[in-house]
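These notes are about the structure you will find just below.
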Amino acid sequence: MPETTCHKAYKFNLKPTPEQEQVLETTLWRCRTLYNTALEQRSTAYRRCGVSLTCSQQQAELPDLKAAFPEYPEIHSQLLQDVLARLDKTYQAFFRRVKAGQTPGFPRYQGRNRYHSFTYKQFGNGARLDNGFLVLSKIGRIAVRWSRPLPGTPKTVTISREADGWYVSLSCEGVPIQPLPLTGRETGIDVGLKVFLVTAHGLVVANPRHFRKSERRIATADKAVARCQKGSTGRRKVVNRQAKAYQKVRRQRGDFHHKVALQLVRENDTMYLEDLQVANMVRNTHLAKSISDAGWAQFRSILAYKAACAGKRVVAIPAHYTSQQCSGCGALVPKSLSVRTHVCPSCGLVMDRDENAAVNILRAGQARQAVT
Ligand SMILES: [Zn+2]
């Protein structure tokens, strides 16, 4: 039976009073302090005794922590547990990369401008809705600017601080699927080197020009912050301008991803993608710029949930010689990253490199579907 509902997150602007804003700030501050303390505890334990602390070990210590530091009982326990879970996730990712033979950066301490949000993992436990207000335990009743109705049942609640204010993100379950008409079409999608993506049907989506422009704006803002003395009166303003520049880029990128994903989901019933390790690709400096620019990982998750909510499918297939193989005859045609065009000496096929890869992805996906 086909699914009739899906998961989806909805974000709304919060309108806290100045007093509530103060409490939100304090909460965020405490969560960040706990994160840094727990990180230090983990790395000390490892350095001194060679032991790895687990998330549950650390969570078991929370009651002691609350007894020792009077500021922690003011914070809802769900939030504190989530902080430790976040740290654990960072550690897991770190060890996974070490295992894979990479040299990742060690999990790092979070400064004031790097820690933006806290999460209630269970709606109803510490965070609930009441008459259009968001009620946070130990924080208060906060007004929400409902820019759209909220479908489904909220499961988790994340509060975040952005350059222009506070937001709540409600991740909902049981959101009714709004199926898009089936087109009977399937396609393969490959991440482009020079462009954003290419499909097996020859659709080429370029990177928007405004990405480069925003990048320059960010560089200027970064420099201004670096020039400003810590603690000086002008610094706050400059840091704020920098945060706004970053926020603008995030929004532009998000809008672009949503638009492209919608087009693909409208045109296709099934979309095949390569199961790429974006981290791996970003390590290659040639590719780094265009890939992190493109925010490929973010795009993929947007495409996946858009497809799910429209009754369509995104299928990841293992990466396997997709750019080296000829989509015409299957011969291996090795080529370096700088070679833009696929030219097959066996069958004479000439095709854009990325499109050739996209056709291979489509074929590999269809072959796997046929087997299962
Ligand atoms: Zn060929």
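The values are calculated or read from the model by the stated rules, or taken from the named source; none is laboratory data. Values in this document were obtained by computation on a predicted structure and should not be read as measured data. Cβ atoms come from the backbone with ideal geometry, glycine included; neighbour counts cover every protein chain shown. Side chains are part of the model used for accessible areas, which takes the heavy atoms of the whole protein and leaves out ligands, DNA and RNA. Shrake-Rupley method; radii C 1.70, N 1.55, O 1.52, S 1.80 Å.
Sorted largest first by accessible area at a 1.4 angstrom probe radius, with every protein chain in place, the residues His258, His320, His76 fall in the order His320, His258, His76.
Relative intensity of the chain on a log10 scale, I(q)/I(0) at q = 0.09, 0.11, 0.14 Å⁻¹, equals -0.68, -0.99, -1.40, per a Debye sum over C-alpha point scatterers of equal strength in the absence of solvent.
From the P(r) of the stretch 45-197, could you give the percentage of C-alpha pairs in the tail past 27 Å? When every Cα pair of the stretch 45-197 is considered, 48 percent fall beyond 27 Å.
Ordered from largest to smallest accessible area (heavy atoms of protein chains, 1.4 Å probe), the residues Arg141, Arg236 come out as Arg236, Arg141. Report note on the peptides 352-359, 64-71: ranked by the mean count of other C-beta atoms within 10 Å, highest first, their order is 352-359, 64-71.
What number comes out for the charge environment of Leu180, summing +1 per Lys or Arg and -1 per Asp or Glu over other residues with Cβ under 13 Å away? Neighbour charge sum, excluding Leu180 itself: +3. The simple Förster model, with R0 at 35 Å and r as the Cβ-Cβ distance, assigns Ala45 and Glu25 a FRET efficiency of 0.70. Measuring nothing but alpha carbons in the stretch 1-122 and taking Rh as the Kirkwood radius, the Rg to Rh ratio lands at 1.04. Each label was represented as a point 7 Å from its Cα along the Cα-to-Cβ direction; for Ser56 and Arg216 these points are 5.5 nm apart. Compute the acute angle (0 to 90°) between the alpha-carbon long axis of helix 353-371 and the principal axis of greatest extent of the alpha-carbon atoms of the chain; round to the nearest 10°. Long axis of 353-371 versus the principal axis of the chain: about 90 degrees. Summing charges over neighbours of Pro16, with a neighbour being any other residue whose Cβ is under 12 Å away from its Cβ, gives +1 when K and R count +1 and D and E count -1.
Applying the Kirkwood pairwise sum to the alpha-carbon positions of the stretch 158-284 produces a hydrodynamic radius of 18.2 angstrom.
Keeping the other protein chains in place, figure out the carbon and sulfur percent of the accessible area of the chain, with a 1.4 Å probe. On the chain, the fraction of accessible area on carbon and sulfur atoms equals 53 percent. Compared with the dominant principal axis of the Cα atoms in the chain, helix 285-294 is inclined by about 70°. Computed from Cα atoms, the angle from the helix 210-227 axis to the main principal axis of the chain rounds to 40 degrees. Per residue, the chain exposes an accessible area of 55 Å² to a 1.4 Å probe, with every protein chain left in place.
Can you give the net charge of the other residues whose Cβ lies under 12 Å from the Cβ of Asn268, counting K and R as +1 and D and E as -1?
Its environment carries a net charge of +2.
Between Arg251 and Lys223, the modelled labels are 2.5 nm apart [label points 7 Å from Cα along Cα→Cβ].
Quick check on my link table: of Lys66/Lys121; Lys11/Lys237; Lys15/Lys66, which ones sit more than 23 Å apart, alpha carbon to alpha carbon? From Lys66/Lys121; Lys11/Lys237; Lys15/Lys66, over 23 Å: Lys11/Lys237; Lys15/Lys66. Using the beta-carbon distance between Ser346 and Val204 and R0 = 35 Å, what value does 1/(1 + (r/R0)^6) give for FRET efficiency, to the nearest 0.05? For Ser346 and Val204, the calculated efficiency is 0.85.
Considering only Thr187, Thr220, Thr199, the Gaussian network model of the chain with Cα springs below 10 Å gives its largest mean-square fluctuation to Thr220.
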